[in-house]
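The values are calculated or read from the model by the stated rules, or taken from the named source; none is laboratory data. Here the structure is a predicted model, which is why all the values come from computation and not from measurement. Cβ placement follows ideal geometry from the backbone for every residue including glycine, while neighbour counts extend to all protein chains displayed.
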Amino acid sequence: MKEKPRALLINPPVYDFALYDLFLKPYGLFRLAAALRKGGYETVYLNALDYREPFSEAVAGPAKRKSDGTGKFFRIPREMPSILQEYLPEGLNRRFARYGILPEVMQQKMREARPDIAFLSTGMTYWYKGAAEAGNMFKSLFPGVPLIAGGVYASLMPEHCRTHTRADTVLSRLDGETLDLLLRKAGLTPAGIAGPLPDPLTDLEYWDDAGVVRLNEGCPYRCDYCASGALHGGFTAGDPEKSFSQFRQLYEAGLRNFAFYDDALLVNSESVFIPFLEKILAEGMTPSFYTPNAVHLNRIDPDTARLMKRAGFRELRLGYESSSSDFHESHGSKYREGSFTAAVEALRRGGFKPRQIAVYILAGLPDQRSDEVETSVREARAGGVRIHIAEFSPVPGSPLWSSCTERSRFPLAEEPLFHNNTFFPMEWEGFNRNQLSSIKQEAATWNRNILTKLV
């Protein structure tokens, strides 16, 4: 007999053409788990992206992983959905697949959980097939148990999410009061958490081999290709003491690899980011930090660069986006002319090597021309750093969304699978697939040169 009410927390599988674990963690789900634990609940975490699950490994083979906590997931080929085949661009030869533990393993774990309530995390809108699989499987097993969906897809496309996952409730945001309303509605005991949810659980079973740090919430900028405003509202500066306390627990539990999840890591750095790093140095800790979310170029100065290097940053990804001033005037005002060169110079003087610095260049926005991206790549090469071509995905809730739906040849509003940048949704006569492929090849060749010839 269960002594405590039991909540099942589901991180679903992913259906896509490719998937790489660049510190993918359901951060919000882990905060929810902490709130439920504080409220006296037993929590069961069903991680469908568990790359260590033995039965799935026996079928799919071992997932190749790296020592920094990144790597691949189990991959099982699947037939491409018919709607995608109907619109498949000529020359696109990509294989569709399901990433994660076997469906029968996921089903067995659900059965064993026997929950009183379940929470489903959702990621990218074009990953909804995995969330739908998990949601439908759960409701088939436990039709009378409430299923609550949250996360990016749930927030940006709530009605689509409700229809396809069979969730009883779809949330855009969750705080303690909303959680208690959901629990009462399910006939369960309130968790009694006031205000924002607490920091995530620090159990290693949740984190595996890499942790996450988030100092601030949201972003003060309003770039029209980004949905941060729709997801988080405004910008809220964090508390370095509180963040360090949570980091310390993960560090003392044995984790050494950490990724920052901030959208605006260096905003208000003198009151949050810098004190956080100074505490790490004062304690003599030796973590390895990574920034899968790019940091703002114009926030990097020589002192900050040196501090980051001393505190353990192994790689720094910069939000360059474009060398074009017209691009930044049209899409966002976070970039200042000359800040790319100044940031790279500060990082190099701070001790970062070329292979440790990477820039994101955006490609494929509505009406963006290929020559603009080509120029940006040349400018980035002049800086002597690695280049990542960030292929644009239309995002519901972003200011550019209506322009995307009007101009794309794909039914973006009806079918989220077409938000996937594999399809180059905003291809037009000024920027075609062959030109994008050429740019990506140029960047890849340059990166190999950085990694093999320069130290």
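Numerical summary
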{"quantity": "Residue identified as surrounded by fewer than 21 Cβ atoms within 10 Å (Cβ to Cβ), under 19 Å from the mean Cα position of the chain (by Cα) and not basic (Lys, Arg) among Ala48, Ala58, Ala18", "calculated": "Ala18"}
{"quantity": "Test: residue in region 276-287 that is exposed (fewer than 15 other Cβ atoms within 10 Å of the Cβ), within 30 Å of Gln246 (Cβ to Cβ) and basic (Lys, Arg)", "calculated": "no"}
{"quantity": "Index of the failed condition, Pro196 passing every other in (1) part of a loop (DSSP other than H, G, I, E, B); (2) touching a residue at least 24 places away in the same chain (Cβ under 8 Å); (3) not assigned by TED's automatic domain parsing to the domain that holds Gln368", "calculated": "(2)"}
{"quantity": "Cβ pairs under 9 Å, 6+ apart, first in region 401-415 and over 16 Å from Gln85 (Cα atoms), second β-branched (Val, Ile, Thr) and not in a helix (DSSP H, G or I)", "calculated": "Trp401/Val395; Cys404/Val395"}
{"quantity": "Region 68-103 - residue that is free of Cβ contacts under 8 Å to residues at least 60 places away in the same chain and exposed (fewer than 15 other Cβ atoms within 10 Å of the Cβ) and, of those, nearest to Asp208 (Cα to Cα)", "calculated": "Pro77"}
{"quantity": "Flag for Ala253 being surrounded by fewer than 20 Cβ atoms within 10 Å (Cβ to Cβ) and more than 23 Å from Leu24 (Cβ to Cβ)", "calculated": "no"}
{"quantity": "First in region 421-432 and within 12 Å of Leu92 (Cβ to Cβ), second anywhere and in a helix (DSSP H, G or I), Cβ under 7 Å, 6 or more apart", "calculated": "Phe424/Arg433; Phe424/Leu436; Glu427/Arg433"}
{"quantity": "Breaking point among (1) part of a helix (DSSP H, G or I); (2) buried (at least 20 other Cβ atoms within 10 Å of the Cβ); (3) of a type in the set (Val, Ile, Thr), for Val267", "calculated": "(1)"}
{"quantity": "Meets criteria (over 18 Å from the mean Cα position of the chain (by Cα) and more than 28 Å from Glu205 (Cα to Cα)) for Val272", "calculated": "yes"}
{"quantity": "Residue match in region 284-291 (condition: touching a Pro at 6+ places or on another chain (Cβ under 8 Å), more than 18 Å from Tyr27 (Cα to Cα) and touching a residue at least 60 places away in the same chain (Cβ under 8 Å))", "calculated": "no"}
